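A quick write-up on the structure given underneath.
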Amino acid sequence: MISYKNVNKWYGELHVLNSINLEVEKGEVIVVCGPSGSGKSTLIRCINRLEPIQEGELVVDGMAVHDKKTNMTKIRAEIGFVFQSFNLYPHMTALENTTIAPLKVRGFNKAEAEKLGREMLTRVGLADRIDHYPAQLSGGQQQRVAIARGLTMKPKIMLFDEPTSALDPEMIHEVLDVMRDLAKEGMTMMAVTHEMGFAREVASRVVFMDEGKIIEIAPPNDFFTNPQTDRGKYFLQSILTH
Amino acid sequence: MLEGFNFRIIWEYMPLYMQCFAATLWLSGLSLFGAVVVGIIACAMRLSQSRILRSIAGVYIETIRSTPLLAQLYFFYFGLPSMGIMLPEWLTGVIALTLNSGAYYAEIIRAGIQAIDFGQIEAGIASGLSYIQRMRFIILPQALGNTIRPMLGQAIILVKDSSLLSLISIMELTRAGQVLTSERFTPAEGFLTTAAFYLIIYYMLKAFSGWSEKRLIFREAH
């Protein structure tokens, strides 16, 4: 579904993605973790070319993202992206936030799009907040609207970039619950997160990154109980004992 | 103070004033519409990826903002015909006002756009919306809502600047005051009446901006 072959990216001098190789199968849930600045956000932002890669091949759902000639609109429509800071459109209601892309990118008619929007908002537990504006919603609710916004595109892949990092502790679980349900329904997902409970429960594999490189790839139980590298051990100690 | 004030003569010239009031309204209205369009285009060019478009917009905006409107007006009125381009006076006036205010609108709209959090633009990109769609549905509705007040300020300046068109013998409100003054030697009556009509336009604009602000600004959003 997502295939990185020797992917490299630099910000000036900084080698932010260093020879990345990774194959993500359909239905897999990949949790990406690592210290800040390790390139984990960049890793998933490349998938829909929010950041272009400079070297290597990145193929998503059979389409070559590394190729400048590829029509990204088509790929982007198949990928839901959830940001750390929600990034909802403040001048639109929750429902309008979820229907704008289906209407304008997928070409659905208004009735179809709204039906779908309602359905997805209901699915994330916000049936009673459909006509609210983002500023009238809590952080956790806003993030769930953002997830619903991704889901109304009927995506094949959902990407999450630290979806709970900007949330109060008691709101984190409501977002994780939604993500957990999605994972269990077989959605292909990549999530940058330090929610290790979530990773243990639903991740197919954990990708551990440092300084732009993938250091370890392992099923969560193996990674958490028996990391193969010193860097991984040190990282786990520091997040588990904080 | 008003004992010597000749109201009868104002009444006598009222048809002229009404005609000139209408002229100021449509000249300014047309220029305002043109200026907002030019402003959006110049702003889009200034924020574009292309270095050439960026420089063209930059030169246009800076030239206009650093030179007096009267000089620009005279350039269009005297300069263009000498280069072989003959335009009717009213069109010369509208072009000068449009290009002048357009530069200011470009900067006002740019400020409104740059105030929008980049994350929203990324969200738009990520969901597959095109540049035009992001502008149309995400950025401009917010940018225009945020900038109603400075836009109104610029509209008022444009209406007042339209008085300069009297200098290229277009019949508008200031010209009406000049006519009354020169025909009847009553400058106080002439220009006070002119001023009163500008005040009416100001209140019309203010009412419009209040109404559109209610429609465009999303109080819930802030």
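Quick check: net charge around A:HIS15, other residues with Cβ under 10 Å of its Cβ, Lys/Arg +1 and Asp/Glu -1? Don't jump to the answer; show the numbers that get you there.
Values: positive: A:LYS9, A:LYS213; negative: A:GLU13, A:GLU211.
Summing Lys/Arg as +1 and Asp/Glu as -1 gives 0.
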Simple label model, 7 Å out from Cα along Cβ direction - B:THR67 to A:ASP67, nm: 5.0 nm
Cross-link reach list, lysines versus A:LYS74, counting only Cα pairs under 20 Å and skipping chain neighbours closer than eight places: A:LYS26, A:LYS104, A:LYS154, A:LYS156
Neighbourhood charge, 10 Å Cβ-Cβ cut-off, centred on B:SER130 and excluding it, Lys, Arg +1 and Asp, Glu -1: +3
FRET efficiency, B:ALA115 to B:PHE33 (Cβ-Cβ, R0 22 Å, nearest 0.05): 0.35
Rg/Rh ratio calculated on Cα atoms of the protein assembly as shown (Kirkwood radius): 1.15
Residue among A:THR225, A:THR98, A:THR164 with the largest mean-square fluctuation in a Gaussian network model of chain A, springs linking Cα atoms under 10 Å: A:THR225
Lysines with Cα under 17 Å of A:LYS213, excluding same-chain neighbours fewer than 8 positions away: A:LYS5, A:LYS9, A:LYS40, A:LYS233
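Once you have a ≥ b ≥ c as the square roots of the Cα gyration tensor eigenvalues for chain A, tell me rounded if a/c is under 1.5, and otherwise prolate or oblate according to whether a/b is larger than b/c. All intermediate terms of the calculation are to be shown ahead of the outcome.
Numbers: a/c = 1.97, a/b = 1.34, b/c = 1.47.
Oblate shape, in that a/c is at least 1.5 and b/c is the bigger or equal ratio.
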Nonlocal amide H pairs with A:MET209, under 5 Å, H built at 1.01 Å: A:CYS33, A:GLY34, A:ILE215
Interchain or long-range residues, amide H under 5 Å from A:VAL16's placed H: A:LYS9, A:TRP10, A:TYR11
Heavy-atom surface of segment A:108-234, accessible at 1.4 Å and reported per residue (Å²): 44 Å²
Linear extension gain, B:LEU87 paired with B:LYS206, 0.36 nm per residue minus alpha-carbon span: 39.6 nm
Under Karplus coefficients 6.51, -1.76 and 1.60, residue-wise ³J(HN,Hα) of segment A:201-218 in Hz, glycine/proline x: 6, 10, 5, 7, 9, 10, 9, 10, 10, 8, 6, x, 10, 7, 8, 9, 10, 7
Cross-link partners of B:LYS206 among lysines (Cα-Cα below 16 Å; sequence separation of 8 or more within a chain): B:LYS160, B:LYS214
Modelled FRET efficiency - R0 45 Å, A:GLN228 with B:VAL59, Cβ distances, 0.05 increments: 0.15
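List the residue ranges in chain B for DSSP H helices whose C-alpha atoms run 15 angstrom or more along the long axis and whose Kyte-Doolittle average is -1.0 or above. All intermediate terms of the calculation are to be shown ahead of the outcome.
On the way: long enough: B:14-46 (46 Å, 1.53); B:51-66 (22 Å, 0.43); B:89-114 (37 Å, 0.59); B:148-161 (19 Å, 0.83); B:173-184 (17 Å, -0.42); B:187-216 (43 Å, 0.41).
Passing helices, by number: B:14-46, B:51-66, B:89-114, B:148-161, B:173-184, B:187-216.
Between A:ALA135 and B:ALA195, what FRET efficiency comes out of the Förster formula 1/(1 + (r/R0)^6) with R0 = 45 Å and r the beta carbon distance, rounded to 0.05? Intermediate values should be presented prior to the final figure.
Working: r = 43 Å, r/R0 = 0.96.
E between B:ALA195 and A:ALA135, to the nearest 0.05, is 0.55.
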Spin-label pair A:LYS184/A:ASN18, simplified geometry with 7 Å Cα→Cβ offset, distance in nm: 4.0 nm
Selected from B:TRP90, B:TRP26, B:TRP211 as most flexible by GNM, with chain B as the system and alpha-carbon contacts under 10 Å: B:TRP211
Shielding by other protein chains, A:82-89, mean Cβ within 10 Å: 5
Nonlocal amide H pairs with A:GLY56, under 5 Å, H built at 1.01 Å: A:ASN8
Choice from A:LYS40, A:LYS26, A:LYS69 showing the highest fluctuation, given a GNM over chain A with Cα pairs closer than 10 Å: A:LYS69
Inter-probe distance in nm under a simple model that places probes 7 Å from Cα toward Cβ, at A:GLU211 and B:GLU213: 5.6 nm
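The values are calculated or read from the model by the stated rules, or taken from the named source; none is laboratory data. Please read these numbers as outputs of a predicted model, since none were measured by experiment. All Cβ positions, glycine included, derive from the backbone under ideal geometry; neighbour counts span all protein chains shown. When the accessible area is computed, the model is the full protein with side chains, heavy atoms only, and any ligands, DNA or RNA have been set aside. Shrake-Rupley method; radii C 1.70, N 1.55, O 1.52, S 1.80 Å.
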